[in-house]
Amino acid sequence: MNQPPLEVAVVIPVFNERGNVADMVERIDAALAGRRWEAIFVDDDSPDDTAEAARALARADPRVRVIQRIGRRGLSTACIEGMCATAAPLVAVIDGDGQHDETLLPRMAAALEADPGLDLAIGSRFTSGGGTGDWDRDRVAKSAFATRLSRHVLKADLSDPMSGFFMIRSKLLRDLVPRLSGIGFKILLDVMTAAPRPLRFVELPYVFRTREVGESKLDHVVAMEYLIALYDRMFGRFVPVRFAMFGAIGALGVGVHMGVLTPIIALGGEAAFVPGQVVATLVAMTFNFFLNNALTYRDRRLKGARELAGGLLSFALVCSVGLAANVGVATYLHQGQSNYWAVSALAGIVVGAVWNFALSSRFTWGRYGRRRNA
Ligand SMILES: Nc1nc2c(ncn2[C@@H]2O[C@H](COP(=O)(O)OP(=O)(O)O)[C@@H](O)[C@H]2O)c(=O)[nH]1
Ligand SMILES: [Mg+2]
């Protein structure tokens, strides 16, 4: 019982990193020699059973802990939950694939201990002495663009706001959690923009290493998640991200509808209007369903023939009620004020869209947390 107090926790988000966990613990152990630390792996139920590999280490070494989340994915939320799960006063986040230089950890801790006014220590690839290793030019350019974009939201002179490697006072982090969006993968950006006052930080240079085992998960979705996170920070308060995406996809659906209806009427004339409307509605609805499934609800995406068929059916039911509400509201408003037909029509569209959104998120994509990750 008379151990020295716990000083530092290192949170390691992992997804399909089975081959890397043992190495990570060894590296952290070497880097933080002489300090009392704990490592917390946060795994999102990886198919390669990373969590079990980490638990095997934890059985032999009580400094290693494992959080296995079921039915959820997301780098930011994994980091947040890991950081909230420690009693250590300082908490770091580091990638689980060895790309971040763990030898920075003791220097981050020392910086925070030496200056009580300091809020966080950030590993930077873009300050003098740092680097991006063997990144190709394309990736360097993309990263530079994302960094410039983030400056508009950030209002702080951070050289590497996209860094996923930092150490923060855990009390401060816990205080900020209710304000975090948890969207996407840029947890540092989320933390910095959530704070009601400018946070005081130091940047320590490091060189981004090459991944040796396993593969990157972030390449495909990175750009979209990033834009969504920025949108959320700037406008999310007024129009929630999901609703904005749902609405934008709905607007595309109108384009699809007209694109289908126009040739049908061109070929069949007026008589084709009603069957044309039916076909166009079905095509547009199916289009909306799949696009929403892939984008708006990508975190709880329906997969496989059965789930997709059930989802499409419930989406169709929800939308037909939404359409009735749309037409009903528009007709009601329109009575007696024919000059403002466009206002009536728009009001109908808004009511229908809110209805479709609210009900489809509950019934079509509402079985959150039941599936295992693929
Ligand atoms: N828990 C969890 N970890 C993730 C998720 N996505 C990525 N990671 C981990 O986050 C770290 C950085 O991801 P990586 O794919 O290496 O990104 P890259 O270095 O930008 O290519 C790695 O340790 C991943 O295993 C996720 O959805 N959940
Ligand atoms: Mg990586």
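What the table below lists for this structure:
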{"item": "Spatially close lysines, pair count over the chain: Cα under 22 Å, gap of eight or more or interchain", "result": "7"}
{"item": "Principal-axis tilt of helix 75-84 within the chain, Cα atoms, nearest 10 degrees", "result": "50 degrees"}
{"item": "Mean Cβ count within 10 Å, highest first, over the residues of peptides 230-242, 7-19", "result": "7-19, 230-242"}
{"item": "Carbon plus sulfur fraction of accessible area for region 8-235, probe 1.4 Å, in percent", "result": "54 percent"}
{"item": "Unit charges on C-beta of K, R, D, E only; dipole of the chain, Debye", "result": "960 debye"}
{"item": "Per-pair calculated FRET efficiency, R0 = 45 Å: M258 and S128 via Cβ, rounded to 0.05", "result": "0.20"}
{"item": "Per residue value of the accessible surface for region 241-363 (all protein chains in place, 1.4 Å probe), Å²", "result": "57 Å²"}
{"item": "Near-label residues of region 171-203 by backbone N, under 18 Å of a point 7 Å along Cα→Cβ of A114", "result": "200-203"}
{"item": "For region 49-203, accessible area per residue (1.4 Å probe, heavy atoms of protein chains only), Å²", "result": "43 Å²"}
{"item": "Helix 241-268 axis, angle to the chain major axis (alpha carbon atoms, nearest 10°)", "result": "30 degrees"}
{"item": "Rounded tilt (10° steps) of 304-334 against the dominant C-alpha axis of the chain", "result": "60 degrees"}
{"item": "Packing-based order for 353-360, 301-308, using average beta carbon neighbours within 10 Å, highest first", "result": "353-360, 301-308"}
{"item": "Positive-pole candidate from V21, P178, T103, dipole of region 8-235, charges at beta carbon", "result": "P178"}
{"item": "Built amide H within the under 5 Å cut-off of V64, gap 5+", "result": "A39"}
{"item": "Cβ-Cβ FRET estimate between A251 and Q68, R0 fixed at 45 Å, reported to 0.05", "result": "0.70"}
{"item": "Relative contact order (%) - region 9-167, alpha-carbon pairs under 8 angstrom, separation at least six", "result": "25 percent"}
{"item": "Value at 222 nm in deg cm²/dmol, rounded to 500, when DSSP H runs of n ≥ 4 in the chain each add -39,500 (n - 2.57)", "result": "-17000 deg cm²/dmol"}
{"item": "Percent of Cα pairs exceeding the 34 Å cut-off, where the set is the chain", "result": "39 percent"}
{"item": "Debye, to nearest 20: dipole size of region 200-336, +1 on Lys, Arg Cβ, -1 on Asp, Glu Cβ", "result": "380 debye"}
{"item": "Amide hydrogen neighbours beyond the local backbone of G131, cut-off 5 Å, H modeled", "result": "Y206, V207, F208"}
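The values are calculated or read from the model by the stated rules, or taken from the named source; none is laboratory data. Keep in mind that what you see is a predicted model, and the values were worked out from it rather than measured. Ideal geometry is used to build each Cβ from the backbone, glycine not excepted, and the neighbour counts take in all protein chains shown. Just so you know, the surface numbers come from the protein's heavy atoms only, side chains and all, with ligands and any DNA or RNA stripped out. Shrake-Rupley method; radii C 1.70, N 1.55, O 1.52, S 1.80 Å.
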